[in-house]
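Read the structure below first, then the notes.
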Number of protein chains: 2
Amino acid sequence: MRVAYNEQMTELADLLGEMAGLAGAAMEKATQSLLQADLELAEQVIGEHEKITELSVAAEERAFALLALQAPVAGDLRSVVSGLQIVSDIDRMGALALHVAKITRRRHPNYVLPEEVNGYFAEMGRIAVALGASAKEVLETRDPERAAKLREEDDAMDDLHRHLFRVIMNPEWKHGVAAAVDVTLLGRFYERFADHTVEVARRVIFLVTGKMPEEPQNESEDLTSYTQP
Amino acid sequence: MRVAYNEQMTELADLLGEMAGLAGAAMEKATQSLLQADLELAEQVIGEHEKITELSVAAEERAFALLALQAPVAGDLRSVVSGLQIVSDIDRMGALALHVAKITRRRHPNYVLPEEVNGYFAEMGRIAVALGASAKEVLETRDPERAAKLREEDDAMDDLHRHLFRVIMNPEWKHGVAAAVDVTLLGRFYERFADHTVEVARRVIFLVTGKMPEEPQNESEDLTSYTQP
């Protein structure tokens with residue numbers, strides 16, 4: 001029983017790591033497709049999204065079977081329950097990468113972004129992918145100290161997001177409303193992607209320590225401060 | 001044991017219903033504060049948000065205790081696991097209402113919305129609140145047929161959201177980029193709020209029937225079609 005149990009726990013952990021890897025890869029390709037107006041790459045992200053959904057279903061089923069058949073307690077129970085919640089976060093990360101790819105496809109053969117903000121998205125993409133890799137690492141190592149660092153990495157994303165809003169809102173913005181709307185939505189997608197990686201890290205801290213770190217407040221804060229002079 | 005168990009299951013269900021009620025009430029007040037530039041009401045939503053967070057924690061702890069102490073199986077296990085996932089959805093609904101209130105506060109004493117789009121948000125608010133009430137009802141009755149209807153109610157939200165984008169993107173739009181950015185984000189908040197109510201309903205269908213209905217595709221679709229002429 002114990003052997004089967006450990007095997008199933010390992011399989012669940014592996015599924016989560018694999019999902020995080022796919023979500024990160026999807027965001028990497030989606031960002032490249034966005035920056036280069038690369039339709040083929042956008043289509044690839046869209047086509048591959050189903051794989052993340054399939055793994056979500058598989059991971060949920062695995063977690064459910066573990067609860068039903070093994071009735072884990074204490075730390076093991078925390079692992080399974082956190083695993084279920086982590087599935088939702090990673091699933092959402094995949095959906096956000098999908099949104100980026102779909103906007104790219106929609107505007108093709110045009111570029112979505114005015115050249116002026118390319119640098120912001122290159123950097124937001126880089127941070128998102130790094131955060132995705134960190135989340136994967138945290139899932140694999142279960143190191144709570146490493147997990148706690150994701151919030152700092154996310155701060156860089158929030159800063160960029162705020163700067164980006166200042167650029168759009170600046171009276172010098174010459175690219176019109178439609179481009180501003182795209183940039184607004186895209187900025188939000190990257191920021192939410194990063195938030196979900198932080199959430200994954202928080203849940204890993206909980207599953208290891210039994211204590212849930214405080215919820216970060218920055219997501220709502222930056223939404224309300226984006227037009228500060 | 002069985003009595004304690006049933007009591008705990010009922011308590012968990014009650015907590016979820018209460019959370020859904022609070023999230024709906026928050027969105028109702030947030031919408032009113034948005035439409036009337038009512039700072040006091042916005043502050044009220046912001047101040048009351050903590051209550052939803054507290055109930056989330058309580059519900060998660062309750063679900064966790066149920067799993068640890070009662071090791072439920074089959075339908076009961078589905079109820080508890082779905083309950084955990086529903087907590088996340090309702091928590092997010094509360095956060096989205098909070099975002100609306102914070103944008104209102106940020107712009108006070110100005111109105112956030114150009115008068116031209118007031119009607120859209122009055123209607124999106126109405127639908128969001130109705131969907132919140134439907135989600136609460138579904139949580140209480142566990143009626144899968146009622147639950148299946150939420151998706152139709154959500155279609156009305158998606159239609160409005162698409163129309164709203166057309167208004168912003170129209171060359172006739174006279175309110176500038178900053179207002180368009182606010183409207184874009186707000187539109188997204190209402191649409192996501194509605195999506196989460198649909199997700200709650202899907203999970204109720206799963207917990208009753210053991211089968212998860214297909215994921216709705218409309219969220220991503222409308223994001224990519226908002227500039228159709």
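List of remarks:
- Among the numbered conditions (1) open to solvent by 30 Å² or more (accessible area, probe 1.4 Å); (2) closer than 21 Å to A:F189 by Cβ, the only one that B:K149 does not meet is (2).
- Conditions (1) facing another protein chain (nearest Cβ under 10 Å); (2) over 18 Å from A:H196 (Cβ atoms); number of the one not met by B:A95: (2)
- Count of the stretch A:65-88 residues, restricted to those that are under 26 Å from the mean Cα position of the chain (by Cα), open to solvent by 10 Å² or more (accessible area, probe 1.4 Å) and facing chain B (nearest Cβ under 9 Å), is 3.
- Count of the stretch B:170-205 residues which are at the interface with chain A (Cβ under 10 Å from one of its Cβ atoms), part of a helix (DSSP H, G or I) and not hydroxyl-bearing (S, T, Y): 14
- Inside the stretch A:206-229, residues that are more than 12 Å from chain B (Cβ to nearest Cβ), at pLDDT 80 or above and open to solvent by less than 40 Å² (accessible area, probe 1.4 Å) make up a count of 1.
- Qualifying residue in the stretch A:103-117 (condition: assigned to a helix (DSSP H, G or I), over 20 Å from A:Y190 (Cβ atoms), within 8 Å of chain B (Cβ to nearest Cβ) and open to solvent by less than 40 Å² (accessible area, probe 1.4 Å)): no
- Yes/no for A:A65 being closer than 20 Å to A:M9 by Cβ, in contact (Cβ under 8 Å) with a residue 24 or more places away in the chain and either out of contact with any helix residue (DSSP H, G or I) (no Cβ under 6 Å at 6 or more places or on another chain) or of a type in the set (D, E, K, R) (or both): yes
The values are calculated or read from the model by the stated rules, or taken from the named source; none is laboratory data. For clarity, every value in this text was computed on a predicted model and none was experimentally measured. Quick reminder, even Gly has a Cβ in these numbers, built from the backbone with ideal geometry, and neighbours come from all protein chains shown. Just the protein is used for accessible areas: all its heavy atoms, side chains included, with ligands, DNA and RNA removed. Shrake-Rupley method; radii C 1.70, N 1.55, O 1.52, S 1.80 Å.
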